[in-house]
1. Taking amide H positions as placed 1.01 Å from N in the peptide plane, with prolines and chain starts having none, which residues 5 or more places from Arg178, or on another chain, fall under 5 Å of its amide H?
2. In region 130-244, what percentage of the DSSP-assigned beta bridges are antiparallel, given to the nearest 5?
3. Rounded to a whole number, what % of the accessible area of the chain do carbon and sulfur atoms account for, probe 1.4 Å?
4. Given that compact globular proteins tend to follow 2.2 N^0.38 Å, what is the ratio of the alpha-carbon Rg of region 175-303 to that value?
5. Which FRET efficiency value, to the nearest 0.05, do you get for Ala239 and Thr273 by plugging their Cβ-Cβ distance into 1/(1 + (r/R0)^6) with R0 = 35 Å?
6. How large is ³J(HN,Hα) for each residue in region 211-216, as worked out from phi by the Karplus curve 6.51 cos²θ - 1.76 cosθ + 1.60 (θ = phi - 60°), to whole Hz, x for Gly and Pro?
7. Averaged per residue, what accessible surface does the chain expose to a 1.4 Å probe, in Å²?
8. Among Met269, Gly303, Leu201, flag the residue with its Cα farthest along the positive direction of the charge dipole of the chain, charges on Cβ as +1 for Lys/Arg and -1 for Asp/Glu.
Amino acid sequence: MRVAIMGAGAAAFAAAALLAERGHDAVLWSPSGRSTEALAAGAALVSEGKIEGEFRPGVAKNCESALAGADAVLVALPANGHKHVMDAMAPLLRPGQPVIVSSHASLGAFYLSRLLADRGVEVPIVALSTTILRSRRTGPNTVRIATIRSKVDVATLPRRLADEGLALCRNLFGDRFRAVDGLLAVSLSNVNPQSHMALALANFTRMEKGEAWSQSENMTMAVGRLLEAIDAERLALAAAFGVQVRTMREHYSLTYGVPDAPLGETSQMLARTQPVTLGPATIDTRYTLEDVPFGLLPLAELGRLAGVSMPLHQAGLSLFSALYGRDLAQDNDILPELTRTGLSREQLLA
């Protein structure tokens, strides 16, 4: 299949490598054009780690050429770029052309569906709870893939196309997906914002000073307890909406193939048995600048709609805003559009 990948960062490069390894054709579109300059000049995409090899994905000059002839579209860039890309895609998508959002953030699939409804166009919008791969760009044309997740939750909008969305993901990326009941369930299944909040808050000075630090080693027992307390709020919110989601402990167990145990213990075991994964060496990181406004803030808003108290999510938003000296809630450009045109508990459940 020909897959248009919207984005050209670590997630996009890693997805292109995995798709190529599985026999599919990938075409990358960088909205700025800068991230694909090396590939456009003839360099191969070099993947290291869990996928080793050189690959030759296509490079699109613009959104229109990326989407033309694509059998599927993968949105694979930070959440602060989702609205820009969805605004560009919406007038160009043809009826039935499936879109996969990896990973789903801030109800972006709901936003895209509204844009398409204004055109009278329906496509399967497939939302993933997290990225399929954990990866990092290491150069203009290189990426290192640390993890290929064994299980990723997936939901499709509209719901009647759920089987089609699940089959597409398995065809493209392998049998590693679990269907959940609706967009709201997959929105509440993304545990990166909570995980990154606990890690970044407890290691913020390390990030600011540019130190090299191991994520597993520094998710101590105390940080693990903080993370499980944050996760309890997410689980309570899911229960209020009547949806089933995995616990953070189950997520770690399934991702790394380890026993279900307190997160501090799990992290210390990973520190002993897994290759070192370094944390951010800068405060200019998606762990905060993406996951706070596009992860913590939407769950706090959902808590308001459902009448569920989310004090740690709210505290994360306030604390990181204070650390950066600005209101990080203002960075979210999707949620205001949804609330401006009306957002209710009933709409989300429907």
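The values are calculated or read from the model by the stated rules, or taken from the named source; none is laboratory data. Small disclaimer: the values here were computed from a predicted structure and weren't measured. Here the Cβ is made from the backbone with ideal geometry for all residues, glycine too, and neighbour counts use every protein chain on show. Each accessible area value is taken on the protein alone, full model and side chains, heavy atoms only, with ligands, DNA and RNA left out. Shrake-Rupley method; radii C 1.70, N 1.55, O 1.52, S 1.80 Å.
1. Excluding prolines and chain starts, which carry no amide H, the hits are Val152, Asp153, Val154.
2. Working: 6 of 9 bridges.
For region 130-244, the DSSP antiparallel bridge percentage is about 65.
3. On the way: 7130 of 14270 Å².
Accessible surface attributable to carbon and sulfur in the chain totals 50 percent.
4. On the way: Rg = 14.9 Å, N = 129, 2.2 N^0.38 = 13.9 Å.
Against the empirical 2.2 N^0.38 Å value, I get 1.07 for region 175-303.
5. Working: r = 33 Å, r/R0 = 0.95.
Efficiency computed from Cβ-Cβ geometry: 0.55.
6. Residue by residue, region 211-216 yields 6, 8, 9, 7, 5, 5 Hz.
7. Numbers: 14270 Å² over 350 residues.
Accessible area per residue: 41 Å².
8. Looking along the dipole axis, the top candidate is Met269.
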